[in-house]
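Have a look at the structure below before the remarks.
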Amino acid sequence: MDISIRKSEGSKLQDLNLENIPFGKYFTDHMLEADCENGEWKNVEIKPYQPLLLSPSVAALHYGQAIFEGIKAYKNNEGEAFIFRPKDNFKRFNISAERMQMPAVPEEIFMEGMRQLIALDKNWIPNKPDHALYIRPFMFSSDEVIGVRPSETYKFMIILSPTGPYYSEPMRIYVEEQYVRAAPGGVGYAKAAGNYGAAMYATAEAKKKGYDQVLWMDAYEHKYVQECGTMNVFFIIGNTAITPDLGQGTILDGVTRQSTLTLLKEMGLTVEERPLSIEEIMDAYKDGSLHDVFGTGTAATISLIKELRYKDFDMKFDVNSWKTGPTIKKWMADIREGRREDKYNWMQKV
Ligand SMILES: Cc1ncc(COP(=O)(O)O)c(C=O)c1O
């Protein structure tokens, strides 16, 4: 498949200091755009970053066929660019597409298009510790018709945003019992835009109470932990790392989650993917065997959790005494920035 390239005149990069830039606010000089019509992909083009011209009737705005991904690219000390596990995001993207009755994006467009786009905007990858280029592939239905049915046309795009370090303070978490993020048979495992819109109300309520995020619970009994905001969640109890399993399709299969599972095994911990109840967590807290509670995700990698509030019970942790979460965070940064051997072949050269 041909990917045509139309370069921007000049670059916006001169006007920007790539140090400590906020997440998701600035975008590079180019973007990728491709169209799908009745299952056939065409017009694959890398072109100057620019607004889209959309009809107000465009289907995605009304019926929510919209999915996305989040990936990061890094530069090592030699200035070479690498993307962290992009193939895993590519696979997850098409899993989301299938669930939302959208067409699969061919590997050539997603992977090769992303590679060429990053190669063109390589100078935008910040060359500093904890900085990265955030990659946002997304797809939406583009029929200009009001009617509840799958679209015949779709647009796939990739945009790039340089980001500074994600200083995540240890988080205070509210265990959510009233609102749910996903139910079995629903779309929790898909990275569908509507999942994020649907989570905002409960998150805002938790923030009003002084918490940073919610810990989502299962939809039936509100008893088993699911994920934390937009992160997967890990609990270290004794010498065992436990994270909820993906069996019911209510949890996003995080790439950082998979990577964390691999590194926890390398650290010598026993790893369990299984249902984990809030009672079991409270029991471990009471008997002193619970330590290292953290979330995993592309944006922050690892975010330590310093407090969990369940009903009237407050679990407070001394995160400074923890070893596991901080070690995983450091190992992952070292692999990404070329200071630790990439023995699992996670880094793909641009
Ligand atoms: C709901 C949700 N869970 C978990 C994650 C973590 O996934 P990943 O590690 O692939 O970023 C994300 C972020 O993508 C998310 O949006």
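Couple of notes before you dig in:
- The range 114-126 residues that are modelled with pLDDT of 95 or more, paired with ones that are acidic (Asp, Glu) (beta carbon under 8 Å, 6 or more apart): LEU120/ASP29; ASP121/ASP29; TRP124/ASP29
- Out of THR203, THR250, sole residue that is within 13 Å of the ligand (Cβ to nearest atom), crowded, with 22+ Cβ neighbours inside 10 Å, closer than 30 Å to MET114 by Cβ and within 20 Å of the chain's Cα centre (by Cα): THR250
- Whenever a residue of the range 241-255 is without any contact (Cβ under 8 Å) to a residue 40 or more places away in the chain, its partners that are among the acidic types (Asp, Glu) and within 11 Å of the ligand (Cβ to nearest atom), lying with C-beta atoms within less than 8 angstrom and at least six residues away or across chains, give the pairs PRO244/GLU227.
Every residue, every condition in (1) among the hydrophobic types (A, V, I, L, M, F, W, C); (2) closer than 22 Å to GLY185 by Cβ, yes or no:
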residue	(1), (2)
MET231	yes, no
ILE236	yes, no
LEU252	yes, yes
MET267	yes, no
SER277	no, yes
SER289	no, no
THR301	no, no
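Residue-wise test of (1) more than 25 Å from ALA333 (Cα to Cα); (2) open to solvent by less than 10 Å² (accessible area, probe 1.4 Å); (3) in contact with a strand residue (DSSP E or B) (Cβ under 8 Å, 6 or more places away or on another chain).
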site	(1), (2), (3)
VAL225	yes, yes, yes
GLY238	yes, no, no
PRO244	no, yes, yes
LEU264	no, yes, yes
MET267	no, no, no
MET282	yes, no, yes
GLY288	yes, no, no
PHE294	no, yes, yes
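- Test: residue in the range 207-215 that is within 25 Å of LEU264 (Cα to Cα), open to solvent by less than 20 Å² (accessible area, probe 1.4 Å) and in contact (Cβ under 8 Å) with a residue 24 or more places away in the chain: yes
Rundown of residues vs (1) among the polar types (S, T, N, Q); (2) surrounded by 14 or more Cβ atoms within 10 Å (Cβ to Cβ); (3) more than 21 Å from the chain's Cα centre (by Cα), yes/no style:
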{"site": "ILE278", "(1), (2), (3)": "no, yes, yes"}
{"site": "MET315", "(1), (2), (3)": "no, yes, yes"}
{"site": "TRP331", "(1), (2), (3)": "no, yes, no"}
{"site": "LYS349", "(1), (2), (3)": "no, no, no"}
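- Qualifying residue in the range 223-238 (condition: under 16 Å from THR327 (Cα atoms) and in a loop (DSSP other than H, G, I, E, B)): no
- Among the residues of the range 45-59, the ones that are farther than 24 Å from TYR26 by Cα and not β-branched (Val, Ile, Thr) come to 4 in all.
- Scanning the range 304-313 for residues that are without any contact (Cβ under 8 Å) to a residue 40 or more places away in the chain and either in contact with a Cys (Cβ under 7 Å, 6 or more places away or on another chain) or open to solvent by less than 70 Å² (accessible area, probe 1.4 Å) (or both) gives a single hit, PHE313.
- Here the condition is being in a loop (DSSP other than H, G, I, E, B) and surrounded by 19 or more Cβ atoms within 10 Å (Cβ to Cβ); of PRO137, PRO126, PRO165, it holds for PRO126 alone.
- Where a residue in the range 186-199 is over 17 Å from PRO244 (Cβ atoms) and its partner, wherever it lies, is part of a loop (DSSP other than H, G, I, E, B) and within 11 Å of the ligand (Cβ to nearest atom), with Cβ under 7 Å and at least six apart: LYS191/GLU69; LYS191/LEU252
- Among the criteria (1) out of contact with any Pro (no Cβ under 8 Å at 6 or more places or on another chain); (2) at pLDDT 95 or above; (3) in a strand (DSSP E or B), the one TYR285 does not fulfil is (3).
The values are calculated or read from the model by the stated rules, or taken from the named source; none is laboratory data. Computed from a predicted structure; not experimentally measured. Every residue, glycine as well, gets a Cβ built from its backbone with ideal geometry; the counts of neighbours run over all protein chains shown. Keep in mind that these areas ignore ligands, DNA and RNA; they rest on the heavy atoms of the full protein, side chains included. Shrake-Rupley method; radii C 1.70, N 1.55, O 1.52, S 1.80 Å.
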